[in-house]
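The values are calculated or read from the model by the stated rules, or taken from the named source; none is laboratory data. Small disclaimer: the values here were computed from a predicted structure and weren't measured. FYI the Cβ positions are ideal-geometry reconstructions off the backbone, even for glycines, and counts take in every protein chain you see.
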Amino acid sequence: MATARREYTDEDTAINETPGVCGGYPCIGKTRIPVRVLVEAFHAYGSAEAVADYFPQLTRDQVDAALAYYRNHPARIDEDIETNTHAFAEFISRTR
């Protein structure tokens, strides 16, 4: 299903790390969507196009920027993935 996408500025495509937003980890533009979420989606779906389809609120340029950020800073994103995986496991263990 095709979804209309609004035009974005370079500021919207930029990857930002803002203290107090998503743990200070890299997010896409002015969204609160962490780069790690798109990286995990890329690993699950296998293509940037599939990720862009899954996140219609993002442009393909934003998806590409997030994946490029990961290629340039894998340790930073892998740290975020590990931190969130651990936090989720801890949360689940407390709810049982």
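In table form, for the structure just shown:
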{"item": "Filter result (exposed (fewer than 14 other Cβ atoms within 10 Å of the Cβ) and part of a loop (DSSP other than H, G, I, E, B)) within the range 41-55", "result": "G46, S47"}
{"item": "Test: residue in the range 69-77 that is farther than 18 Å from R32 by Cα and either in contact (Cβ under 8 Å) with a residue 40 or more places away in the chain or of a type in the set (A, V, I, L, M) (or both)", "result": "yes"}
{"item": "Filter pass, A65 being of a type in the set (A, V, I, L, M, F, W, C), assigned to a helix (DSSP H, G or I) and in contact with a Ser or Thr (Cβ under 7 Å, 6 or more places away or on another chain)", "result": "yes"}
{"item": "Residue count for the range 46-55, restricted to those that are hydroxyl-bearing (S, T, Y) and either touching a strand residue (DSSP E or B) at 6+ places or on another chain (Cβ under 9 Å) or closer than 19 Å to T31 by Cβ (or both)", "result": "1"}
{"item": "Any hit, the range 20-27, residues being crowded, with 18+ Cβ neighbours inside 10 Å and free of Cβ contacts under 8 Å to residues at least 40 places away in the same chain", "result": "yes"}
{"item": "Every pair of residues 6+ apart whose Cβ atoms lie under 8 Å, when the first sits in the range 28-40 and is closer than 13 Å to D61 by Cβ and modelled with pLDDT under 95 while the second is small (G, A, S) and in a loop (DSSP other than H, G, I, E, B)", "result": "G29/A14"}
{"item": "Among the residues listed as I92, I77, the single one being part of a helix (DSSP H, G or I) and within 21 Å of E17 (Cα to Cα)", "result": "I77"}
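Listed here are the residues, each with its yes/no results for (1) of a type in the set (A, V, I, L, M); (2) farther than 16 Å from Y25 by Cα; (3) surrounded by 14 or more Cβ atoms within 10 Å (Cβ to Cβ).
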site	(1), (2), (3)
V39	yes, no, yes
Q57	no, yes, no
L67	yes, no, yes
I81	yes, no, yes
T85	no, no, no
